[in-house]
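Step one of this worksheet: look at the structure below.
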There are 2 protein chains.
Amino acid sequence: MGMGRPREFDAEMALDQAMEVFWRHGYEGATIAQLTEAMGINPPSLYACFGNKEGLLKAALDRYTKLRGVWMDEVVAAPTAREVAERMLMGIADKQTDPANPPGCLLVQGGIACGTGSENVPFELAARRAQNEDQLRDRFVRAKAEGDLKESADPAALARYVSAVAVGMGVMASSGADREALRQVADVAVQAVEAQSAAEERRVAGLRG
Amino acid sequence: MGMGRPREFDAEMALDQAMEVFWRHGYEGATIAQLTEAMGINPPSLYACFGNKEGLLKAALDRYTKLRGVWMDEVVAAPTAREVAERMLMGIADKQTDPANPPGCLLVQGGIACGTGSENVPFELAARRAQNEDQLRDRFVRAKAEGDLKESADPAALARYVSAVAVGMGVMASSGADREALRQVADVAVQAVEAQSAAEERRVAGLRG
DNA sequence: CCACATCTGTAGTGAACACTACATATCTGG
DNA sequence: CCAGATATGTAGTGTTCACTACAGATGTGG
């Protein structure tokens with residue numbers, strides 16, 4: 001038996017376009033008409049390929065987090081917790097104001113609150129944000145074990161903190177904050193992580209005695 | 001001429017109910033049916049009183065920011081920049097997890113991204129968030145003038161930073177973070193403000209020389 | 001008690017929404 | 001070249017949306 005007519009569009013390219021629509025308008029604000037037009041296909045092709053609107057969102061999120069995961073790996077490869085935070089937040093300041101993309105972060109813009117029938121969309125986004133937080137926490141646990149973070153540091157709290165700042169920056173970016181403003185936020189934010197570093201602790205202790 | 005039939009509902013009580021619906025479902029996710037049911041009125045009463053859905057949102061935001069403004073006044077009344085940040089972020093940790101309200105912050109939950117026809121809703125929310133940020137900035141300008149913040153401190157950047165953390169905490173709260181988790185974030189965040197204090201600078205300088 | 005003005009409840013309005021039936025087109029395996 | 005399988009484009013489907021026409025109710029000023 002034959003394997004049927006092949007699809008005439010590139011699913012990944014179409015996903016990139018869908019991602020941008022969700023990114024700009026959010027899940028509920030994005031309409032199937034906008035999505036299909038951006039993807040260059042008709043509704044039946046969309047539904048045959050992705051199931052429904054929520055399936056399309058999940059596929060777009062998979063692609064987004066996959067691309068982002070490569071970058072996050074570079075972030076946590078930084079030698080110290082302080083530099084991890086700096087790379088992460090400075091990188092976010094740049095990425096969230098990159099004119100090649102809609103402002104902000106898809107994991108925030110996608111939908112913080114949704115109406116009846118889409119309640120699990122915010123959960124879905126939260127789960128993806130939590131993955132980033134877990135990756136940061138693991139890195140900070142290592143930093144503490146290595147003596148990079150001081151003994152009293154709480155890796156989970158630090159990871160939550162960096163995550164929270166990242167999300168806050170995303171919201172500010174989507175409401176018009178420019179790159180310089182976000183970098184200033186990142187710069188201040190990093191100082192809280194620095195305050196947890198063992199090197200900083202030793203520096204002050206050395207001055208003291 | 002007569003002044004017509006008096007309205008049979010309390011506009012402020014109705015607004016409180018509408019506020020909660022917007023808070024929980026966002027602007028686009030909230031339907032007129034949900035709003036009218038929560039407010040205990042019928043659509044014509046809503047439209048006669050508030051114009052349209054967006055007018056109702058603005059009225060709810062006015063009420064929200066008015067109540068919040070009282071609290072913000074207490075926050076900026078703290079004696080030092082560090083304590084301003086601490087009161088603000090610790091208070092937010094508590095308020096955003098208060099079971100009496102939906103989790104998170106209306107100024108974030110209301111709508112970060114919206115569809116065609118509601119583009120100004122995110123702007124409206126951003127403008128209200130900016131008011132808080134301005135109030136913080138003014139307070140930090142004063143703190144710098146008073147010698148509370150060190151000479152190299154940037155009050156605008158600090159205010160943006162505290163605002164960003166507050167927003168990030170709001171998103172985390174709405175996706176299930178509990179009070180203790182938010183307090184940990186606030187605790188770390190405050191340390192960045194502390195690092196900008198003149199007292200901290202003097203303490204380190206005193207140790208050095 | 002009457003003219004007028006405003007509110008309220010019922011019952012819709014057209015538009016936009018996510019989604020799909022169906023006929024047609026294009027492939028593979030035999 | 002045919003049968004089965006999958007994709008595509010056209011043209012809808014029913015539902016839900018924000019919003020309102022209208023008639024009756026309830027107030028004030030004369």
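The values are calculated or read from the model by the stated rules, or taken from the named source; none is laboratory data. Just so it is clear, the structure is predicted and the values come from calculations on it, not from any experiment. In this analysis, Cβ positions are derived from the backbone assuming ideal geometry, glycine residues included, and neighbour counts consider all displayed protein chains. When the accessible area is computed, the model is the full protein with side chains, heavy atoms only, and any ligands, DNA or RNA have been set aside. Shrake-Rupley method; radii C 1.70, N 1.55, O 1.52, S 1.80 Å.
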### Message
Regarding the stretch B:185-194, can at least one residue be identified that is open to solvent by 50 Å² or more (accessible area, probe 1.4 Å) and either at the interface with chain A (Cβ under 9 Å from one of its Cβ atoms) or at pLDDT 95 or above (or both)?
### Response
yes
### Query
Of all helices (runs of 4 or more DSSP H) completely enclosed by the stretch B:1-120, which ones contain at least 1 residues that are open to solvent by 60 Å² or more (accessible area, probe 1.4 Å) and in contact with a helix residue (DSSP H, G or I) (Cβ under 6 Å, 6 or more places away or on another chain)?
B:11-29, B:81-95
#### Entry: Residue list for the stretch A:134-156, filter: of a type outside the set (Gly, Ala, Ser), under 21 Å from the mean Cα position of the chain (by Cα) and open to solvent by less than 40 Å² (accessible area, probe 1.4 Å)
A:136, A:139, A:140, A:155
### Query
In the stretch B:195-204, what residues are facing chain A (nearest Cβ under 7 Å) and out of contact with any Leu (no Cβ under 8 Å at 6 or more places or on another chain)?
B:195
### Task
Give A:39, A:72 a once-over and let me know the one that is more than 14 Å from every other protein chain (Cβ to nearest Cβ), within 15 Å of DNA strand C (Cβ to nearest atom) and touching a residue at least 24 places away in the same chain (Cβ under 8 Å).
A:39
### Message
I'd like the full set of residues that are of a type outside the set (D, E, K, R), in a helix (DSSP H, G or I) and more than 30 Å from residue A:111 (Cβ to Cβ), limited to the stretch B:138-175.
### Response
B:140, B:141, B:143, B:145, B:155, B:156, B:158
### Query
Given the residues A:159, A:126, A:153, A:164, which is the only one that is within 21 Å of residue B:122 (Cβ to Cβ), in contact with a helix residue (DSSP H, G or I) (Cβ under 6 Å, 6 or more places away or on another chain), within 12 Å of chain B (Cβ to nearest Cβ) and among the aliphatic types (A, V, I, L, M)?
A:164
### Query
Looking at the stretch A:167-182, which of its residues are open to solvent by 50 Å² or more (accessible area, probe 1.4 Å) and either small (Gly, Ala, Ser) or facing chain B (nearest Cβ under 9 Å) (or both)?
A:176
### Query
Is at least one residue of the stretch B:45-62 out of contact with any Phe, Trp or Tyr (no Cβ under 8 Å at 6 or more places or on another chain), within 9 Å of DNA strand D (Cβ to nearest atom), within 25 Å of residue B:104 (Cβ to Cβ) and among the aliphatic types (A, V, I, L, M)?
yes
### Task
Could you look through the stretch B:1-23, keep only residues that are under 30 Å from residue A:111 (Cβ atoms) and within 14 Å of DNA strand D (Cβ to nearest atom), and pick out the one that is farthest from the other protein chains (Cβ to nearest Cβ)?
B:18
